[in-house]
Amino acid sequence: MLNSATIQAAIARQVEANAASGGFAVMAIRILDLRLIALRFGSASGEAAETCMRNLIAASLRPLDTVVQSGDETFIAVLPGLHNRNHVLLAIAKLAAVFEQPHTVADATPPWQSRAAIGVALFPEDGADADLLWRNAQAASDDAHRRGDQYAFHDAGKAASRIDYDDLRDAISANRLTTYFQPFWQLARKSMVGVESLARWTSPALGPVDPDNFVTFAEQNQLISTLTRWSIHSTLRHASTLSNTPGFLLAINLSPRALSRGGVAEQLLDALKIWGIAPTTVIAEVTETALARDMDSAVHALRRLRDQGVRVAIDDFGVGYASITYLSKFPASDLKIDRSLVAAVARDARMAKLVDSIIRFAHNLGLDTTAEGIEDAATLDALTAMGCDLGQGYHLGRPEPAVDFIARFHAQAAAANSAT
């Protein structure tokens, strides 16, 4: 793998060559889940997959273009003479053809279907030096990935409003983020049995910031441990007022990046003692695909939690690379079916069969299932008939500030008690 100095030099050469005569493009090509090849089939297959993708990318571009590896899943391509977006779109079209075909990277490895998130920065409008062009291309790749698109161009307007490190750090330390609760229901009983905790942030400069954006920023800028600590204590502080409700469940999202750094399991268990909440009422949620970033550390932390009675949910199940493989490795007790699968169960017979099969498969493994993104009664009825255990979505309840949820919850409980 080539280091940052090599990549910077490759871009800097084009900056110097094109300073007076024209433009060029820098592409950050992220091959989603590429590192999982090594985790699933071994390091030799992983290295073969990286070489395969680098060669395929280079072959789809021009001989004068430069392709270098930037990380486990990212390649940087420097494309001279591309002066505008229309020129770049032709190159993207060639790359897209690469990702439409399955690849065999080793004799012992089955064909693998790659997916890519491509970010583009153009010289000089998106940066006049190598470092800025590289960073802007990677930011555009992140934007494409978050939106589920194959490519994105650097957005100068968005760049001007990017999250400021000090702004987010100060917001966390000064407790200016807000904890929201979204209810989830036991479908067979048609009753609310718990909430998922969600963090929200309104920046003074940017206004409301999408959680995916500020969590990703925190992960990339050494703030995720601080954000995780805040989230745990804020969530449990609010939830402690519900502790007299037997069996009421609390789901907390844990960043895999924080898990990989260690100490998160101990933080959560210690905080549960401080706030007087039983571990058996807590569900720790971790996304399936992201777990593979550091399998050993994640498994160790999650087993530590399971040993103390905390339930572990694999979030966004069904959109990762090797879902079934992970279920055999991680100490999961719950499986959350991704909203992209749930959304179509009431109108797409094939998707309904797929979700039904996932539920049956999970139950055969002794796992409870939760359906995400239930938006209407027809979807709710279909999932209930399939035997899905839990569900959440706007049809069952929208996220709201935890203080508002708790006030309404206690008011409803008091009204019910007075009625009896």
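Touching a helix residue (DSSP H, G or I) at 6+ places or on another chain (Cβ under 6 Å), of a type in the set (Asp, Glu) and not assigned by TED's automatic domain parsing to the domain that holds PHE41: does that describe ASP368?
no
Please work out which one of (1) in contact (Cβ under 8 Å) with a residue 60 or more places away in the chain; (2) surrounded by fewer than 19 Cβ atoms within 10 Å (Cβ to Cβ); (3) over 27 Å from ARG162 (Cβ atoms) is the condition THR216 fails and give its number.
So THR216 meets the others, but not (3).
Can you name every residue in segment 127-153 that is touching a helix residue (DSSP H, G or I) at 6+ places or on another chain (Cβ under 6 Å), modelled with pLDDT under 85 and buried (at least 18 other Cβ atoms within 10 Å of the Cβ)?
Once the filter is applied, which keeps residues that are touching a helix residue (DSSP H, G or I) at 6+ places or on another chain (Cβ under 6 Å), modelled with pLDDT under 85 and buried (at least 18 other Cβ atoms within 10 Å of the Cβ), segment 127-153 yields only GLY127.
Name, by its number, the condition in (1) modelled with pLDDT of 85 or more; (2) within 20 Å of TRP134 (Cβ to Cβ); (3) among the polar types (S, T, N, Q) that does not hold for SER70.
Here SER70 clears every test but (1).
Being in the same structural domain as GLU50 (by TED's automatic domain parsing), in a strand (DSSP E or B) and over 30 Å from HIS238 (Cα atoms) narrows it down to one of ALA117, ALA128, so name that one.
ALA117
Consider PRO211 carefully, then state whether it is in contact with a Lys or Arg (Cβ under 7 Å, 6 or more places away or on another chain), at pLDDT below 90 and closer than 18 Å to LYS336 by Cα.
no
Being assigned by TED's automatic domain parsing to the domain that holds VAL195, among the acidic types (Asp, Glu) and under 18 Å from VAL286 (Cβ atoms) narrows it down to one of ASP348, ASP376, ASP338, so name that one.
Residue meeting the stated conditions: ASP338.
Counting just the residues of segment 346-400 that are closer than 17 Å to GLY194 by Cα and in contact with a Ser or Thr (Cβ under 6 Å, 6 or more places away or on another chain), which one comes out surrounded by the fewest Cβ atoms within 10 Å (Cβ to Cβ)?
It comes out as ASP389.
In this structure, is ARG169 in a helix (DSSP H, G or I) and either of a type in the set (Phe, Trp, Tyr) or surrounded by 15 or more Cβ atoms within 10 Å (Cβ to Cβ) (or both)?
Considered against the rule, which asks whether it is in a helix (DSSP H, G or I) and either of a type in the set (Phe, Trp, Tyr) or surrounded by 15 or more Cβ atoms within 10 Å (Cβ to Cβ) (or both), ARG169 comes out as yes.
Would you pick out the residues in segment 28-48 that are under 22 Å from the mean Cα position of the chain (by Cα) and in contact (Cβ under 8 Å) with a residue 40 or more places away in the chain?
Within segment 28-48, ALA28, ILE29, ARG30, ILE31, LEU32, ASP33, LEU34, ARG35, LEU36, ILE37, LEU39, ARG40 qualify.
Can you give me the number of residues within segment 203-230 that are of a type in the set (A, V, I, L, M, F, W, C) and part of a helix (DSSP H, G or I)?
7
For segment 193-213, which positions are buried (at least 18 other Cβ atoms within 10 Å of the Cβ) and aliphatic (A, V, I, L, M)?
Selection gives VAL195, LEU198, ALA199, VAL209.
Looking only at segment 144-156, which residues are among the acidic types (Asp, Glu) and more than 14 Å from ILE31 (Cα to Cα)?
If the condition is that a residue be among the acidic types (Asp, Glu) and more than 14 Å from ILE31 (Cα to Cα), then ASP155 is the only one that fits.
Looking at segment 25-60 only, could you name the residues that are closer than 23 Å to ARG135 by Cα and at pLDDT below 90?
If the condition is that a residue be closer than 23 Å to ARG135 by Cα and at pLDDT below 90, then ILE31, LEU32, ASP33, LEU34, ARG35, GLU50, MET53, ARG54 are the ones that fit.
Would you pick out the residues in segment 104-115 that are surrounded by fewer than 16 Cβ atoms within 10 Å (Cβ to Cβ) and at pLDDT 65 or above?
Passing the criteria: THR104, PRO110, PRO111, GLN113, ARG115.
State whether one or more residues within segment 297-315 are modelled with pLDDT under 90 and within 22 Å of GLY391 (Cα to Cα).
yes
The values are calculated or read from the model by the stated rules, or taken from the named source; none is laboratory data. Since this is a predicted model, take the numbers as computed values, not measurements. Because the Cβ atoms are built from the backbone with ideal geometry, glycine has one as well, and the counts that use them run over all protein chains shown.
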